[in-house]
Structures are given as structure tokens and as C-alpha cells.
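Working notes, structure below.
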2 protein chains.
Amino acid sequence: MEGLVAHLLPHGQIEPSLVLRRYLSEIRGIYRDQEAVNKILREEGDRLVYEVYLGEVPEAEGHVAYCTTVIYPGTVGDEFHMTKGHFHARRDTAEVYLGLRGKGLLLLRREQGPYQVLEFGAGLLGYVPPFWAHRTVNIGDEPLVFFAAWPADAGHDYVTAERLGFGVFVRRLLDGYRLEEALGS
Amino acid sequence: MEGLVAHLLPHGQIEPSLVLRRYLSEIRGIYRDQEAVNKILREEGDRLVYEVYLGEVPEAEGHVAYCTTVIYPGTVGDEFHMTKGHFHARRDTAEVYLGLRGKGLLLLRREQGPYQVLEFGAGLLGYVPPFWAHRTVNIGDEPLVFFAAWPADAGHDYVTAERLGFGVFVRRLLDGYRLEEALGS
């Protein structure tokens, strides 16, 4: 394989890339308030919550996978737009984030033990060490855009992250947010 | 290890980080024109060519090392400021670059076979696949600033890169640059 250059466009798209679009209907299970989900789907139709622009890199050991993520601003009930969140299938692999635009939170959690909440956004770097599941929440009024890089053979485990949750809900307030512990976490 | 957040400052510094400063006197061997090096050292004193802000990450398998690099604009003789360049000690590891400011070139070379030259800078992503040595050249009039991420256990091999060179010199012209093949490459 030879070296490659791709373009990072002002909105956050990588060109060329593989584009993943996450609509509310497919990620509805991450939200507490299912009535609010139903109301949105009924009254607005489906909603684009976030997009991932994935660099064209082999999913093989030694390679470094990378993407940008664009989380649009908004809420579902009183919860902010956020990513599904995942563990790496190879649990012992890390991930690094570089915030390009907007304001958010990085939620981290291990399979055993506590969760962690970090402020993240434009001008901040986030480091997700091995063994921590990670989810990103847009707590601002503009898109949250960030670059991420991780070992390309890490894989994704969404199922365990969905089952365990992230231990905490991020609730919108008029002037910011409040963290609320999830029951049983 | 828990998750961490670091700041990316406007100039390109990561805070906190380990700072490596590369002065002309220590990297003089990468330049063709040793008379020009001597003249600069005699007339200006030593010169800061580039800085690396290295994130505080263990150099262990599964971790992702990251840094920003700031290459100041300038020339040594008719060659632009550039990094020393290196292979990874673990040759089968890649690296991804995100250009934040300025204008440059990414020089790549395998131990056997051809070299490659890619345009790189603000708004561009560069991918260095496994087995390629990599060097970055500032061909603009402002600092070239970029973010990089790679497998934290990759290691650095500067010696082989210095012995082989990158196959090509990047020579400053009044209105741009010219590539000149190195002898014996």
C-alpha cells in the first residue's frame, strides 16, 4: 500500500471516506425517553443524529484507522444527541480524539468499575485508554466535530456497551447540562 | 489508566505534553549544503527548526501515541526546513496525519523501492502505511502544524532513514519548489 492524502472539508467530512449515517430510528435504544423518540418519529419523521466519515484503511494489525464524527445539535426528550458508544472488540486498544468544532462530553466506562465524564470539544484532545467504552455527547448549539484515530484491528463491540450503558445520563438544562446517575450502574 | 483531556493551543502546542525541540546543530546532517549550515550557525547562532509536542501516553501495545509538530518556515541553503524523518522500529506500523496550519510535503520511502511525495497541509489528512519512512517539509511562509497518531509501541528508527535518505531533495524556488532526485537513491 502507498501513502494517501485525503481532504478534510470545512463541515468535517473526509473525502474520500466511507460515510456512516446514524438516524434516530436505528439508535433509539440509547435514549431513556421512548415516548419522546416516538413523538419525533411521528411528527418530524426520522432524524439524522450523527455522521461518521471513515478513512479508507485496511482493518489490519499495524494500521491506524481514523475518522471524523459530526454530531448535530439537538435533544431527544431532555437528553442530548450522542453517539451509540462502543467498546473495542480487542479490549486492550486505545483511541485518541481531537476536537475540531463545538462543545461536548466524552463518557467513558469500564466493564467493571466506575464511569468517567470528560469535557471535550474544539481545541481539546481526549485520550481513551485501553479497556474503556466511549461515547460522545454534543452539549452545544452547533455541530460537535472531532477527529479520532485507533488501532485498525481493534473492532467494535456495541452490544456490551448498550447492555451496560455509560452509568450516567446527560440532561439538558436551560443554561447547560446536568449529569444524572443511571439506576443499577 | 483513566481517560485524559489535553489542550491544543492555537500555536499548535499540546498542554500537557513532552516537548522535543530540534535545533539546526543537531539535525544538520539532513541538509545537503553544509556550508550553508556553518554560515547560519556562525552568523545567527543555532536555529530552532521544529518542535514536537508529544502526548503523555505509555509506549505500550494497544496504546495510541500522538503529537503535534510545528515546523517553522525557513531554508538552509536552498532546502526547506523539514523533520529528520524516521522509520518505525516496528516496521509494520502506520501513522496518520492531520494538517492544522500551513503548507507542506510529506516524503515517504520504503527500504526497498521508490519514494513518494504527497502534498500536505491545513485541511489535508496524510496516511503513512506500514513500512514507509516519513519526513515532513514546510514549503510555505508560515509554520506547518500537524497532528499525528501511531501505535504507541512502534518505536523510532532514525538511523536507517538518515542512511537511506528520502530519495529526493525539495529545493526552494522563488515561486514554489522543485523536486530533485538524490544521487544513488
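The values are calculated or read from the model by the stated rules, or taken from the named source; none is laboratory data. This structure is a prediction, so every number in the text was calculated from the model and none was measured. Note: ideal-geometry Cβ built from the backbone for every residue, glycine included; neighbour counts use all protein chains shown.
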If A:GLY167 satisfies all but one of (1) touching an Asp or Glu at 6+ places or on another chain (Cβ under 9 Å); (2) at pLDDT 95 or above; (3) among the small types (Gly, Ala, Ser), what's the number of the condition it fails?
(2)
Inspect all residues belonging to region B:5-24 and state whether any of them is away from chain A (no Cβ under 14 Å) and in contact with a helix residue (DSSP H, G or I) (Cβ under 7 Å, 6 or more places away or on another chain).
yes
Among the listed residues B:ARG47, B:ARG32, which satisfies the condition of being modelled with pLDDT under 95 and more than 30 Å from A:ALA148 (Cβ to Cβ)?
B:ARG32
Residue check: is A:VAL145 in contact with a Cys (Cβ under 6 Å, 6 or more places away or on another chain) and either buried (at least 24 other Cβ atoms within 10 Å of the Cβ) or of a type in the set (A, V, I, L, M) (or both)?
no
Hey, does region A:20-27 have a residue that's under 24 Å from B:LEU124 (Cβ atoms), surrounded by 15 or more Cβ atoms within 10 Å (Cβ to Cβ) and of a type outside the set (Phe, Trp, Tyr)?
no
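Select from region B:111-136 the residues that are part of a strand (DSSP E or B) and not hydrophobic (A, V, I, L, M, F, W, C) and list them in ascending order.
Residues satisfying the conditions are B:TYR115, B:GLN116, B:GLU119, B:GLY121, B:GLY126, B:TYR127, B:HIS134, B:ARG135, B:THR136.
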Residue tally, condition crowded, with 17+ Cβ neighbours inside 10 Å and of a type in the set (D, E, K, R), over region B:114-142:
1
Looking only at region A:40-55, count how many residues are within 14 Å of A:PRO16 (Cα to Cα) and β-branched (Val, Ile, Thr).
1
Could you grab the pairs with beta carbons closer than 8 Å, sequence gap of 6+ or different chains, first residue in region B:131-153 and closer than 13 Å to B:GLY99 by Cβ, second one outside any loop (DSSP other than H, G, I, E, B) and of a type in the set (Asp, Glu)?
B:ALA148/B:GLU95
Is one or more of the residues making up region B:124-147 within 20 Å of B:LEU48 (Cα to Cα), within 9 Å of another protein chain (Cβ to nearest Cβ) and of a type in the set (Phe, Trp, Tyr)?
yes
Flagged in region B:58-113 as at the interface with chain A (Cβ under 9 Å from one of its Cβ atoms) and surrounded by fewer than 17 Cβ atoms within 10 Å (Cβ to Cβ), in numbering order, are B:PRO58, B:ALA60, B:GLU61, B:ARG90, B:ASP92
Which one is nearest to the other protein chains (Cβ to nearest Cβ) among residues in region B:156-185 that are exposed (fewer than 15 other Cβ atoms within 10 Å of the Cβ) and assigned to a loop (DSSP other than H, G, I, E, B)?
B:HIS156
Inspect all residues belonging to region A:101-109 and state whether any of them is more than 20 Å from A:LEU179 (Cβ to Cβ) and in contact (Cβ under 8 Å) with a residue 40 or more places away in the chain.
yes
